[in-house]
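Derivation of every value follows stated rules applied to the coordinates shown; laboratory data play no part. Since the structure is predicted, the reported quantities are computational estimates derived from the model, not experimental observations. In this analysis, Cβ positions are derived from the backbone assuming ideal geometry, glycine residues included, and neighbour counts consider all displayed protein chains.
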Amino acid sequence: MGTSLSRSFHQEDEPMDKAEIYEKFKDTSRPVREMKCTTEEMDLANIPKANRDYCAHLYMDFMKCRRDWFPEMYRCSDLLHKYQHCTVHDIKHRMMDYERAKRLMAREKRRQSELIE
């Protein structure tokens with residue numbers, strides 16, 4: 001009980017895994033987000049694929065601090081806080097992009113139905 005979705009879910013109304021939809025509704029007024037570390041640097045640091053996002057540079061700093069201060073890892077709490085803050089901000093940014101694309105898809109669908117009528 002309680003493990004089902006709370007609303008009806010229509011796959012065609014969701015912009016999941018559709019890069020062309022995100023390109024179509026791209027907002028040029030926002031600054032472009034760029035990675036601060038390269039793929040080669042992440043490969044050398046052995047960063048797991050799950051952590052290869054816009055916060056990878058902070059993850060690398062945190063892991064280096066953790067390795068340097070192993071028994072006293074509490075000294076890395078400020079770096080951990082920065083990494084977690086960046087991760088939360090990144091998730092929020094991706095959710096806002098997703099909701100914006102979904103909203104614009106619904107608006108376009110609604111306008112097309114109005115033109116047909």
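Just to be sure I understand the model, the point goes 7 Å from the Cα along the line to the Cβ. What's the resulting Arg94 to Leu44 distance in nm?
Modelled inter-label distance: 2.6 nm.
Taking R0 as 30 Å, what's the FRET efficiency between Leu104 and Arg66 from their Cβ-Cβ distance, rounded to 0.05? Walk me through the intermediate numbers first.
Details: r = 42 Å, r/R0 = 1.40.
For R0 = 30 Å, the calculated efficiency reads 0.10.
Beyond 28 Å between alpha-carbons counts as too far, so tell me which of Lys36/Lys64; Lys36/Lys92; Lys24/Lys64; Lys24/Lys82 fall in that bin. Don't skip to the answer; put the middle values down first.
Values: Lys36/Lys64 16 Å; Lys36/Lys92 19 Å; Lys24/Lys64 40 Å; Lys24/Lys82 33 Å.
Flagged as over cut-off: Lys24/Lys64; Lys24/Lys82.
Let me check against my output: what whole-number percent is the relative contact order of the range 34-116, with C-alpha pairs under 8 Å and at least 6 apart? Could you put the intermediate results ahead of the total?
On the way: 35 pairs, mean separation 18.2, N = 83.
It comes to 22 percent, rounded to a whole number.
Apply 1/(1 + (r/R0)^6) to the Cβ-Cβ distance of His85 and Glu114, taking R0 = 41 Å, and write down the FRET efficiency to the nearest 0.05. Show your work: numbers first, answer last.
Values: r = 43 Å, r/R0 = 1.05.
It comes to 0.40.
Report the label-to-label distance for Lys36 and Arg52 in nanometres (one decimal), using points 7 Å from each Cα along the Cα→Cβ vector.
That separation, rounded to one decimal, is 1.9 nm.
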